[in-house]
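Some notes on the structure that comes next.
The values are calculated or read from the model by the stated rules, or taken from the named source; none is laboratory data. Since the model is a prediction, treat every value here as computed from it, not as a measurement. Using ideal geometry, Cβ is built from the backbone for each residue, glycine included, and neighbour counts are taken over all protein chains shown. Please note that ligands, DNA and RNA were not included when accessible areas were found on the heavy atoms of the full protein model with its side chains. Shrake-Rupley method; radii C 1.70, N 1.55, O 1.52, S 1.80 Å.
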Amino acid sequence: MIERITENWLTKASEREFGTAFCQLLLSRGFRVLHLTRHGPTEHGKDVIALDPKGLPTGFQLKAGDIDQNRWRRMYGEIEDLIRLRPNHPSIAGNQRHRAFLVATGQLKEEVRLAISDYNRGIPRGYPRLETWVGGELLKDCVDLHGQFLPRDVPNFGRFLDLLRMDGRDLPDLKLVSEFLTEVLPLEDSSLRDRGVTRAIGSGALLVSYISHAHEDRENHVGLVQIWVAYAAHVLASAQRYNLPDNEWLPSFMLAWNAIGRACDILAEELAGRSHLVQGNAFVDSLAYGSRITLLTGVLAAYALSQFLMGEDNWANSSLDRILAPRVSEMQFWGEGSVPCLLAFAWYIELCGDSGRAVALVDGCARSLTKAAQVGGHPNPYYGLEQCLRYNLGLDHPQEGFRGYSYTLCSLMHWLARRLCRDRLATMWRDASHVRLAEFIPRPLWRTGLWRSPMGNTCYGFLDTPQSWKELLARAQAIPKSRLPHAFRLVQWFLPLFLVVYPHRMRPAAVWEIDTALGLRKHLA
Amino acid sequence: MLPDIPRTKEEVFLLLQQATAEAAKNARPLLKSIQVEIVHEGHETTTRTTDGHVQRRGMKKAETRLTVDLTKVPSQGLETTARMLREATDRLQDAQAKLLFEEVERATKLAGTVVSAQGTPLSANLLLDALERMEIDFDDDGNPIYPTLVISPALEKQVTLLSEQMENDPAVQSRHDAIMVRKKAEWFDRENNRKLVD
């Protein structure tokens, strides 16, 4: 069955979509992936640059579908570049010989195979032959990678099929994605560890490529970001749980990051090209419009923060600046689940130099949470955008109340404290002191990467009354008692997007990590 | 397997469950007045109270069983199902109420707010003794927000008489007023402490 699914996916996958899975395949074969073209034209005919198991630089050109004579003629120039121009990468010495592969998810027609043989016969000395890696071989290699990590038992195979059938127009079902990955990786059954967690991580990447096809097909880039962030979070959970050395999980994690980055880049481009931000049935789009602005702003702001933390020069996002930032007044707050989006945007505008506006945004959010807690409250961060909209419309009724408590208020108040906003905090302290502050800490901490953790402690408390400003500031600035797991702290730049996708993981320690990382980077910059 | 219509049956069963749960709760004003909060993940909670106590609690289970006699299903209509569900829900909510009172007893013992009648009849002064040990909040108009008095149905007449006594007996009224003055002062202090200081 998995062969059928893989074959089906290979026939439908675009080059862009196939790239991540192909690189995972390379990793499983001992290659070291140096570069995967994220988006846009390839560099000198190479979509992927890697070092083969013997350390030889290798360039790969990826093509989706079959290659016939006409197509071969059209791509001839790229093939010439692939063969004659050595891969250009800081990790590759200038004079090293290299290998060159044409990779096709379909088949090479007979005349193309003959053309390639002729081409290779005519290649001068010192240049590599064109090697091929196509359809049937790719299929076999993908299936081999899955090995014993396929979802074999009925419940998980059922989940897999449900995921394959996801509606690409919708936000993905991350609970289902997480349950599926928890079985595949495997995270709850440590007796399966000896089967090779690294290989399971690799298999997981391919399976995620399959299940994200619907969102790729619909070009639902936010959906893709969410799915790959979930996968990356589960890789971190695996790394933490099994204490894996970096080289056994980081390459796969970085492939997921590449997929996330690609989706964000294309999303930014899409926004730049649009004359409006309406989507789907326009007659009733006003229901979703404001929340869409919030989510888009959150995703792109968080991605820009990640770029900044990774030391990229061009971290600022022009689509965010030109298209979304002017629409801040249209942003809609659907519940505590949207707070990480607002916070990401606040961090972004602070980095851009408008700290006053950033503080005002966070202050406004904190006051809104405080006021709401005194009446009906906002849905807590365990409720997603659609669920909150359904409650507002009376289509569903929540099975719990939201009055009197908040999961995100404490994080926001500590954020303000670190910016020395004493006066603002003083004016809201009275009302905020009536709000019960909640936070969930998974146990063990590696379960931070899971969508839901069966074990863990929900902590409740109130602000101190009276509260010493000095003590509050010290507590907000100090290293938190219950920090994020080590694996998450190793990739701090991942955290802003992680919180946007997993808003129920926003707690003071997580916000502190990002604040500290941003502060350090600003100092270095 | 025999032919079935699972989706519609599940939808109807869910509607019945929701309707009976709602009806059962309406018959229990105390449970109805308490906000339900779902613990979406994890296995325990920790609460730090305003007076600094830290309490770690695991989860407690309240459950009830519901069985159906397969031989009776053909003759059994939805009214029977609704009745069975209502009985089961009543048992479940009684179990929840029992857990609630156990928790209140534990918390009040810890807080030192327990007042024992030691076998004597309920009296106005006993009620005032209990009020004396409680924290009372006041609304924006300065009126006390009294706690909810939960009593056994057997005491209903007695409590009605006590209410009248509290309104008409000058000595009881005087003591009540003195307590409220103290409580208001305590409340003012609490509210005045809700601030950020040096």
| query | Name the pairs: first residue in region B:93-113 and in contact (Cβ under 8 Å) with a residue 24 or more places away in the chain, second residue part of a helix (DSSP H, G or I) and open to solvent by 80 Å² or more (accessible area, probe 1.4 Å), Cβ to Cβ under 9 Å, at least 6 apart or on different chains? | reply | none
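Given the criterion on the phi < 0 side of the Ramachandran plot, in a helix (DSSP H, G or I) and among the charged types (D, E, K, R), identify the matching residue among B:GLU135, B:GLU186. Show your work before the answer.
Values: B:GLU135 fails: in a helix (DSSP H, G or I).
The unique qualifying residue is B:GLU186.
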| Which listed residue is farther than 24 Å from A:GLY456 by Cβ and more than 18 Å from the chain's Cα centre (by Cα), from B:ARG65, B:ARG56, B:ARG48 | B:ARG65
| query | Among the residues of region B:138-160, is there at least one that is part of a helix (DSSP H, G or I), under 27 Å from B:ALA23 (Cα atoms) and touching a residue at least 24 places away in the same chain (Cβ under 8 Å)? | reply | yes
| Selected residue (criterion: nearest to the other protein chains (Cβ to nearest Cβ)) from residues of region B:39-55 that are in a strand (DSSP E or B) and open to solvent by 50 Å² or more (accessible area, probe 1.4 Å) | B:ARG48
| query | In the list A:VAL511, A:VAL435, which residue meets the criterion of being at pLDDT 95 or above, away from every other protein chain (no Cβ under 14 Å) and either under 30 Å from A:THR182 (Cβ atoms) or in contact with a helix residue (DSSP H, G or I) (Cβ under 6 Å, 6 or more places away or on another chain) (or both)? | reply | A:VAL511
| The one condition in (1) at pLDDT 90 or above; (2) within 14 Å of chain A (Cβ to nearest Cβ); (3) open to solvent by 60 Å² or more (accessible area, probe 1.4 Å); (4) within 30 Å of A:PRO503 (Cα to Cα) that B:LEU15 fails to fulfil | (4)
| said: For region A:440-463, which positions are at the interface with chain B (Cβ under 8 Å from one of its Cβ atoms) and basic (Lys, Arg)? | reply: A:ARG443, A:ARG452
| How many residues are within 14 Å of another protein chain (Cβ to nearest Cβ) and either surrounded by 10 or more Cβ atoms within 10 Å (Cβ to Cβ) or of a type in the set (Ser, Thr, Tyr) (or both) when one looks only at region B:56-77? | 2
| request: Return the pairs, sorted by first residue and then second, in which the second residue is of a type in the set (D, E, K, R) and buried (at least 22 other Cβ atoms within 10 Å of the Cβ), the first residue lies in region A:431-455 and is within 15 Å of A:PRO381 (Cβ to Cβ), the beta carbons are less than 7 Å apart, and the residues are 6+ apart or on different chains. | output: A:GLU439/A:ARG507; A:THR448/A:ARG505; A:SER453/A:ARG447
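Looking at A:LEU393, A:LEU420, A:LEU369, can you tell me which residue is touching a residue at least 60 places away in the same chain (Cβ under 8 Å), more than 8 Å from chain B (Cβ to nearest Cβ) and surrounded by fewer than 17 Cβ atoms within 10 Å (Cβ to Cβ)? Before you say what the answer is, go through the steps one by one.
Values: A:LEU420 fails: touching a residue at least 60 places away in the same chain (Cβ under 8 Å); A:LEU369 fails: surrounded by fewer than 17 Cβ atoms within 10 Å (Cβ to Cβ).
Just a single option satisfies the conditions, and that option is A:LEU393.
Among A:TYR382, A:TYR405, A:TYR348, which is the only one that is touching a residue at least 24 places away in the same chain (Cβ under 8 Å), within 14 Å of chain B (Cβ to nearest Cβ) and in contact with a helix residue (DSSP H, G or I) (Cβ under 6 Å, 6 or more places away or on another chain)? Give the steps one after another, and end with the answer.
Details: A:TYR405 fails: in contact with a helix residue (DSSP H, G or I) (Cβ under 6 Å, 6 or more places away or on another chain); A:TYR348 fails: within 14 Å of chain B (Cβ to nearest Cβ).
It is A:TYR382.
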| Count of region A:465-500 residues which are within 14 Å of another protein chain (Cβ to nearest Cβ), within 27 Å of A:ASP423 (Cβ to Cβ) and open to solvent by less than 50 Å² (accessible area, probe 1.4 Å) | 6
| Do we have A:SER238 as of a type in the set (Ser, Thr, Tyr), assigned to a helix (DSSP H, G or I) and more than 19 Å from the chain's Cα centre (by Cα) here? | no
| field | In region A:285-327, residue most open to solvent (accessible area, probe 1.4 Å) [restricted to those that are among the basic types (Lys, Arg) and more than 20 Å from the chain's Cα centre (by Cα)] | value | A:ARG322
| task | Return yes or no: is B:SER163 among the polar types (S, T, N, Q), exposed (fewer than 12 other Cβ atoms within 10 Å of the Cβ) and not in a loop (DSSP other than H, G, I, E, B)? | result | no
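Any chance you could count how many residues in region A:343-396 are β-branched (Val, Ile, Thr), part of a helix (DSSP H, G or I) and more than 26 Å from A:ASN317 (Cα to Cα)?
Start the filter on region A:343-396 by keeping residues that are β-branched (Val, Ile, Thr), which leaves A:349, A:359, A:362, A:370, A:375.
Keeping just the survivors that are part of a helix (DSSP H, G or I) gives A:349, A:359, A:362, A:370.
Now narrow it down to the ones that are more than 26 Å from A:ASN317 (Cα to Cα): A:370.
Total satisfying the criteria: 1.
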| Conditions: (1) open to solvent by less than 40 Å² (accessible area, probe 1.4 Å); (2) without any contact (Cβ under 8 Å) to a residue 40 or more places away in the chain; (3) within 14 Å of chain A (Cβ to nearest Cβ). B:ASN193 meets all but one. Number of the miss? | (1)
| Just one of the numbered conditions (1) farther than 24 Å from A:CYS365 by Cβ; (2) open to solvent by 10 Å² or more (accessible area, probe 1.4 Å); (3) under 17 Å from the mean Cα position of the chain (by Cα) is not true of A:ALA282; which one? | (3)
